[in-house]
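First up is the structure itself, then whatever we jot down about it.
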Amino acid sequence: GRTMFRKLLASAALNLFTLGVDASQIIHLEVEQIADIYEVRVEMLVDAPAEDVRAVLTDYANLDRLSGSITASSVIDSGPTGTVRVLTRMENCVLLFCIQVQKVEDVTQDRQGRIMVAIVPDASSFRSGHATWELQSIGNTTRVIHHAKIEPAIQVPPLIGPAVIKNTLRREIRESFENIDCLARNQCASPTVSPHDLIFEM
């Protein structure tokens, strides 16, 4: 009956996390918007070791590999406490509206290995923003948990409402995570993200 079906589902879910997966997959993707703040939550299983995923996320000079909207990225400063200041420039377009965006972020890693990101508002096209990346090893598979809150400082035309931005963000985040996946597994054939879609990545 229903109880047996639920037990089978629970068993399948347990096997997924204990034995690993045959292919990488996004298992949760959520984009919410309150006033001018966008909140993103993503969870993904990558069929690669955590150190390979971390190497992709912290390759600050080559962030353009994650998204076609990123035109340049570089480390502009590094502090004695392990903080790295990263500059990213992007060109974002949706419909006929295009903007150039600059983002300066302070990136640190805590004792648990989480990557912590904080936007520097005075040097960025954002009023505020912070994000975390958590990598959990499951054998040779990595569970990636990403949470971000961002508040763009740009003015978006009324024609491009919150629903359009949220739907575009969902699609772009999915494609960016697919790039993280293929880069970590060294199986990227070509960039999958279009430079002509709006995305405020962190």
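The values are calculated or read from the model by the stated rules, or taken from the named source; none is laboratory data. Only a predicted model underlies this, so the values are computations on that prediction, with no experimental measurement involved. Only protein heavy atoms, including side chains, enter the accessible area calculation; ligands, DNA and RNA are left aside. Shrake-Rupley method; radii C 1.70, N 1.55, O 1.52, S 1.80 Å.
Data for the structure
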read-out: K149, K166, K103, ranked by accessible area, largest first (probe 1.4 Å); value: K149, K166, K103
read-out: For the stretch 94-175: rounded, prolate or oblate by the Cα gyration tensor [a/c cutoff 1.5]; value: oblate
read-out: Solvent-accessible surface ranking, highest first, for R111, R171 at 1.4 angstrom; value: R111, R171
read-out: D64 - accessible surface, heavy atoms, 1.4 Å probe, Å² rounded to 10; value: 80 Å²
read-out: With all protein chains modelled, accessible area of C182 [1.4 Å, Å²]; value: 20 Å²
read-out: Probe 1.4 Å - accessible area at L63, Å² to nearest ten; value: 20 Å²
read-out: Vicinal HN-Hα couplings computed from phi for the stretch 51-59 (Karplus, 6.51 cos²θ - 1.76 cosθ + 1.60; Hz; Gly/Pro x); value: 5, 6, 5, 4, 4, 5, 5, 9, 8
read-out: Rounded percent of accessible protein surface that carbon and sulfur make up, the stretch 52-105, 1.4 Å probe; value: 50 percent
read-out: Other-chain or far-sequence residues with amide H under 5 Å of A72's (modelled H); value: R89
read-out: Three-way shape label, the stretch 67-132, alpha-carbon gyration tensor, a/c 1.5; value: prolate
